[in-house]
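One structure below.
The values are calculated or read from the model by the stated rules, or taken from the named source; none is laboratory data. Values in this document were obtained by computation on a predicted structure and should not be read as measured data. Glycine also receives a Cβ, built like all others from the backbone with ideal geometry; neighbour counts cover every protein chain displayed. Side chains are part of the model used for accessible areas, which takes the heavy atoms of the whole protein and leaves out ligands, DNA and RNA. Shrake-Rupley method; radii C 1.70, N 1.55, O 1.52, S 1.80 Å.
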Protein chains: 2
Amino acid sequence: MSYQLFYWDGLQGRGEFVRLAFEDAGVPYVDVVRESEADGKGMPAMMKLLEGDGLPSGALPPFAPPFLKDGDLLLSHVANILFYLGPKLGLSPESEAERLAANGLQLTIADLVTEVHDTHHPIASELFYEDQKAEAKIRAADFIQNRMPKFLGYFERVLEMNASGAPYVFSERATYVDLSLFQIVEGLTYAFPSAMRRSEQAYPRLKALHSAVSERPNLKVYRASGRRIPFNEGGIFRHYPELDAGP
Amino acid sequence: MSYQLFYWDGLQGRGEFVRLAFEDAGVPYVDVVRESEADGKGMPAMMKLLEGDGLPSGALPPFAPPFLKDGDLLLSHVANILFYLGPKLGLSPESEAERLAANGLQLTIADLVTEVHDTHHPIASELFYEDQKAEAKIRAADFIQNRMPKFLGYFERVLEMNASGAPYVFSERATYVDLSLFQIVEGLTYAFPSAMRRSEQAYPRLKALHSAVSERPNLKVYRASGRRIPFNEGGIFRHYPELDAGP
């Protein structure tokens, strides 16, 4: 039975970090919500599991998408899913020490993703962007001035520590962390093109990682396919020009 | 050599979730920043590692505290640290499926902790609370009305699924997730006493978990000791009466 990924349709969002791993590995998966309700999939299949209905024996309901079903195993949160899938997809580093380091990096990426989300929703997820636009402007300016350089500078420093010359975090082997960093650069460039252009010089290693991952054959096919949903203003990375102005 | 925990002194913060696990297990650890600089510990020891100076061979610098050093292993993020320590401290569930479920729950707890932090810092971590008080009031009201019930209701539902009658998540065995949920109830009760009093009836299982963990002998000793830093307005859970008013 195939891996089943459950995530909202119509946006890349947090699910995209998992999709990139499956696609790069060339391992089949079902993107359940994007499949037909007539086949027992689609949104109702996800809502059922979120409500605790039809869970595999012993499994707990997830708090929120994305979550993964692999036979009787149900697990949630991007970092947890990738920690589990990484070795099966050939996208984890080899040693336990490096796997724990990869998990730590992925959790730092998760924190960055939350901060990106909060640039357009600093007050309440439930409210529209338009209802928190003034606060979003202040938060986005702080993000561009302080937080984004802190995170990107950190990842740059981590990449510099790879003495192998490869454009990845762990020696010569591409891992799910590299795919996620690619997605971070993609997303930030979509959301904050001016801010990213101004800071481009500061992150040569991240730029090299982004180019290297772009060229990975399976991902080229994926990104040219209909499976890759374009960035849009329903996702985490949203382009609102007024938030890209900077401080 | 003892486990070395690195976290800010003077506040419980995210480090407390790791301290509770060590203390409950009765396993010695060094709370490095709270030890003497003259012995090579204290704040300079933490800053050195954060700057990538003196890292064990092959280790990556952490993005932020808390982080743990166990011999040559360095790992960061609460959930990652507890996932690693859990089996060694006898505080993980038995099966792989349950360990992944525990990790998912701990990551949901991490998201809740971030949202609690953002009730008093919705605009910028770098700014004082006083400089974002108006926004904090709106965000805290939304937290009390929407987010807190969503998270606590979810944990209550998870606890209800334990058919063993024990007040923990996984059958009769207390795990680090239970200790963290205890800390969540403690912290929310400190930060939002009125809101928690109003909603008390809704979460009988969480209340029972909180009582059961309170009675664990090693934690009673810990909480009566000077090692347990009292809640204060430097931490994640802060009591500002104006944020506890609710919507």
- Task: Please indicate, with yes or no, whether at least one residue in the range A:56-79 is of a type in the set (Phe, Trp, Tyr), more than 18 Å from B:Thr108 (Cβ to Cβ) and either over 18 Å from the mean Cα position of the chain (by Cα) or modelled with pLDDT of 95 or more (or both).
- Result: no
- Query: Out of A:Asp131, A:Asp111, which single residue is out of contact with any helix residue (DSSP H, G or I) (no Cβ under 7 Å at 6 or more places or on another chain), modelled with pLDDT of 95 or more, surrounded by fewer than 23 Cβ atoms within 10 Å (Cβ to Cβ) and within 25 Å of B:Ala134 (Cα to Cα)?
  - Reply: A:Asp111
- Query: Among the residues of the range A:194-225, which ones are of a type in the set (Gly, Ala, Ser) and at pLDDT 95 or above?
  - Reply: A:Ser194, A:Ala195, A:Ala202, A:Ala208, A:Ser211, A:Ala212, A:Ser214, A:Ala224, A:Ser225
- Mind checking which helices (runs of 4 or more DSSP H) fall wholly inside the range B:156-247 and carry at least 3 residues that are open to solvent by 70 Å² or more (accessible area, probe 1.4 Å)? B:204-214, B:217-224
- On the given criteria, is B:Leu100 more than 19 Å from the chain's Cα centre (by Cα), within 8 Å of chain A (Cβ to nearest Cβ) and among the hydrophobic types (A, V, I, L, M, F, W, C)? no
- Message: Being within 8 Å of another protein chain (Cβ to nearest Cβ), open to solvent by 30 Å² or more (accessible area, probe 1.4 Å) and touching a residue at least 24 places away in the same chain (Cβ under 8 Å) is the requirement here; does A:Glu94 meet it?
- Response: no
- Query: Out of the residues in the range A:111-136 that are touching a residue at least 60 places away in the same chain (Cβ under 8 Å) and at the interface with chain B (Cβ under 10 Å from one of its Cβ atoms), which is nearest to B:His77 (Cα to Cα)?
  - Reply: A:Leu112
- Query: Counting only residues that are open to solvent by 60 Å² or more (accessible area, probe 1.4 Å) and either closer than 17 Å to B:Ser194 by Cβ or in contact with a Gly (Cβ under 7 Å, 6 or more places away or on another chain) (or both), how many does the range B:134-152 have?
  - Reply: 2
- Task: Select, from B:Met161, B:Met196, the only residue that is among the hydrophobic types (A, V, I, L, M, F, W, C), out of contact with any Cys (no Cβ under 6 Å at 6 or more places or on another chain) and within 14 Å of chain A (Cβ to nearest Cβ).
- Result: B:Met161
- Only one residue in B:Ala25, B:Ala38, B:Ala64, B:Ala59 is in contact with an Asp or Glu (Cβ under 8 Å, 6 or more places away or on another chain), of a type outside the set (Val, Ile, Thr) and either without any contact (Cβ under 8 Å) to a residue 24 or more places away in the chain or open to solvent by 30 Å² or more (accessible area, probe 1.4 Å) (or both). Which one? B:Ala59
- Query: Which ones in the range B:36-69 are more than 14 Å from every other protein chain (Cβ to nearest Cβ) and of a type in the set (A, V, I, L, M, F, W, C)?
  - Reply: B:Ala38, B:Met43, B:Ala45, B:Met46, B:Met47
- Note on the structure: Those residues of the range A:67-83 which are open to solvent by less than 30 Å² (accessible area, probe 1.4 Å) and basic (Lys, Arg) amount to none
- Query: Is it fair to say B:Leu73 is closer than 28 Å to A:Ile123 by Cα, in contact with a helix residue (DSSP H, G or I) (Cβ under 8 Å, 6 or more places away or on another chain) and at the interface with chain A (Cβ under 8 Å from one of its Cβ atoms)?
  - Reply: no
